[in-house]
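The structure under discussion appears below in the form of structure tokens.
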Amino acid sequence: MRVGLHRYTFPDTDRANIIVDLRHRDKVLDSMLRVVGPARIEGYRRSQSWARDQIVYFVAEFSKPFKEFGIALDGRILAGAREARGADVRAFFRFDARHDEPILVRVAISAVDLDGARRNLAAELNHWDFERVRRDAERAWERELSRIIVRGGTREQLIDFYTAMYHLMLAPNVFMDVDGRYRGRDFKIHTARDYTHYTVFSLWDTFRAAHPLFTIIDQKRTRDFIRTFLAQYEQVGRLPVWELAANETDTMIGYHAVSVIADAAVKGIAGFDWEEAFEAMKQSAERDARGLAAYRQRGYVAIEDDRESVSKTLEYAYDDWCIAQMARLLGRDDDHRRYLERARYYRNLFDRETGFMRPRKRDGSWLTPFDPREVSAHYTEANAWQYTFFVPQDIGGLIELMGGPERFELKLDELFTTESKLTGRELPDITGLIGQYAHGNEPSHHIAYLYDYVGRPWKAQARVHQIMTELYKPTPDGLSGNEDCGQMSAWYIFSAAGFYPVTPGSKTYAIGSPLFEEVTFNLENGRRFTIRARNVSARRIYIRSATLNGRPYSRPFITHDDLMRGGTLVLTMSDRPSRWGTKEAPFSRIERP
């Protein structure tokens with residue numbers, strides 16, 4: 001987990017060189033390399049990029065002594081030096097590699113100190129058997145990928161699915177040494193007791209589907225993620241926004257750690273302090289940074305208050321709804337009412353005349369001129385078309401604002417069929433366009449499933465199938481946008497299985513169109529939940545009928561409790577739309593307490 005084994009095979013030569021380049025990659029703040037034995041080096045690297053101060057300590061041990069070495073500082077070899085420190089440190093190590101003899105290197109890392117790297121190496125890799133390490137890695141990944149077993153589908157679809165599983169599980173990363181020590185958000189060294197401490201929380205992306213998927217297939221890690229959040233809160237008084245290597249990058253908007261916490265709590269995941277978590281959630285919502293003071297005072301973020309005002313208002317409102325759910329679970333009635341009221345603030349930016357979530361000034365007037373296709377500073381990596389549909393906490397209320405189910409359906413139709421041309425700024429994040437739907441970026445990810453909420457599940461089935469088959473391929477350009485720490489793949493995993501968490505913080509999953517004949521979730525409680533799609537094919541993408549555990553089932557949604565109890569959902573597929581699932585919609589509505 002903390003040690004890598006490298007193998008370098010050279011042509012027959014007695015001058016085989018391995019170069020260690022500590023300058024490579026991002027801006028170096030400081031680095032050090034030291035030769036500590038005939039086959040061992042160690043050092044550290046501090047750098048600045050996304051994280052303002054990322055620290056990695058390392059120990060590297062070669063499988064045979066190097067016959068020569070040289071250390072360079074600022075581009076100049078230091079004669080006879082065994083150590084160098086600075087912003088430009090590099091070194092070479094020369095070996096006799098005749099007779100096709102490979103050179104192996106055991107490399108251990110730590111974010112704590114050199115002692116940590118040394119202990120990690122001693123504890124995790126005490127041999128030089130490369131094939132054994134490869135087999136161990138394959139077995140470890142097989143255990144992880146076997147949390148979901150799929151059958152059927154094409155070879156390409158199977159590659160897509162298990163590549164998605166692999167991508168999902170690349171982050172968050174373990175961020176502690178074998179003795180439990182880790183670098184905290186306060187940059188002091190702490191010890192994790194009875195849990196694993198993690199890093200890399202791309203929460204603006206992953207709260208949508210990646211973390212909800214972990215609540216199904218990996219509740220232990222979900223607990224540890226949240227305990228990591230709370231450790232950071234104890235250290236610096238804040239839950240993470242986008243944390244990396246003990247640094248808060250403050251990248252992206254919202255305070256979506258509260259979504260991850262509420263989603264876990266609503267689904268009954270224990271093992272963390274709910275009371276402390278609730279206080280930390282409230283602290284996130286009561287800060288004055290990033291337009292929050294104006295949001296609380298006025299009910300929306302005005303364009304004069306902060307950038308990305310529309311997106312911030314909408315995402316703050318959703319996060320406040322998540323806090324309200326936690327308050328309800330804890331019996332905090334006053335907090336429940338207050339945050340539920342704030343969860344309705346999205347209404348303050350809905351312009352009935354245009355039918356869009358629109359930038360607004362402090363005096364209440366709308367920003368003009370207005371083009372819903374425009375990519376502007378008022379939205380986060382998106383435009384009005386995409387963000388108008390981001391009200392996962394109150395879809396029923398949004399439908400009402402738009403004039404009812406029929407008009408809402410027409411608006412969805414228009415989103416997917418209107419011209420894909422964008423105006424305003426050019427952003428590489430807005431990709432994978434189907435009309436103005438942008439699958440390459442996260443604000444669009446739930447939108448195809450909204451057809452379930454207006455009694456048109458066959459339209460959700462058609463669009464979800466289109467996205468899965470057109471925008472995911474086993475090729476170098478096989479994703480329509482960047483992975484974003486597993487979110488792009490989590491969407492595919494859920495959708496290929498046949499359902500999706502439109503509203504994290506709720507137990508409800510909207511049903512779409514499964515891709516495989518059978519998908520089985522192997523749950524940590526020892527049970528299994530299986531989705532079978534009879535007659536599914538490239539043409540048979542519509543659900544004609546369904547049974548849940550042998551009984552007729554007509555709802556276009558399932559619940560988390562259904563999954564955790566185990567059982568079988570059978571969907572009979574057809575090549576034509578049907579009326580299945582039209583009588584009862586998933587529930588998403590803020591009702592005043």
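Numbers for the structure displayed
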item: Computed over the chain: relative contact order in percent, which uses C-alpha pairs under 8 Å that are six or more apart; result: 12 percent
item: Cubic angstrom per residue, convex hull over Cα atoms of the stretch 410-564; result: 140 Å³
item: Pairwise FRET efficiency - LYS27 versus LYS220, Cβ, R0 = 51 Å, nearest 0.05; result: 0.90
item: Distance-filtered residues of the stretch 528-542 - backbone nitrogen under 16 Å, label point 7 angstrom along ARG576 Cα→Cβ; result: 539-542
item: Within straight-line cross-link reach of LYS67, aspartates and glutamates at Cα separation under 20 Å, skipping those fewer than 8 residues along the same chain; result: ASP12, ASP14, ASP21, GLU42, GLU83, ASP96, ASP100, GLU101
item: C-alpha long axis of helix 219-236 to longest principal axis of the chain, angle in °; result: 80 degrees
item: Efficiency of FRET from Cβ geometry, THR559 and ARG82, R₀ 60 Å, rounded to 0.05; result: 0.40
item: C-alpha long axis of helix 155-168 to longest principal axis of the chain, angle in °; result: 70 degrees
item: Cα centroid separation - the stretch 518-593 against the stretch 343-365, whole Å; result: 36 Å
item: With 10 Å bins from 0: P(r) over the stretch 101-247, alpha-carbon pairs, percent; result: 10, 32, 33, 20, 5, 0
item: Computed lengthening from LEU427 to ARG362, 0.36 nm per intervening residue step minus Cα-Cα distance; result: 20.7 nm
item: Per residue, the convex hull volume that the Cα atoms of the stretch 17-125 enclose (Å³); result: 107 Å³
item: Equivalent ellipsoid dimensions for the stretch 442-502 as semi-axes, Å, which come from the Cα gyration tensor, largest first; result: 21, 12, 9
item: Value of D in µm² per second that Stokes-Einstein yields for the chain, Kirkwood Rh from Cα pairs, at 25 °C (0.890 mPa s); result: 94 µm²/s
item: Cα gyration tensor category, rounded, prolate or oblate, for the stretch 496-593 with a/c compared to 1.5; result: oblate
item: Two-site label geometry, ARG98 and THR13: point separation in nm, points 7 Å out along Cα→Cβ; result: 1.5 nm
item: Cα-based shape type of the stretch 229-268, given that a ≥ b ≥ c are square roots of the gyration tensor eigenvalues and the cut on a/c is 1.5; result: oblate
item: Proximal lysines relative to LYS220, as straight alpha-carbon distance under 30 Å, when same-chain residues fewer than 8 apart are discounted; result: LYS188, LYS267, LYS282, LYS507
item: Rg over Rh [alpha-carbon atoms, Kirkwood Rh] for the stretch 297-405; result: 0.99
item: At most 12 other Cβ within 10 Å, DSSP loop - trypsin sites (Lys or Arg not before Pro), the stretch 177-281; result: LYS188, ARG193
item: Estimated FRET transfer efficiency (GLN48, ASP113; beta-carbon r; R0 25 Å; 0.05); result: 0.80
item: Proximal lysines to LYS411, defined as alpha-carbon separation beneath 23 angstrom and excluding residues fewer than eight positions away on the same chain; result: LYS312, LYS421, LYS459, LYS583
item: Percentage, to the nearest whole number, of Cα pairs in the stretch 482-542 over 19 Å apart; result: 40 percent
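Every number here is computed from the coordinates shown, using simple stated rules; none is lab data. Please read these numbers as outputs of a predicted model, since none were measured by experiment. Note that we place each Cβ from the backbone using ideal geometry, even for glycine, and neighbour counts take in every protein chain shown.
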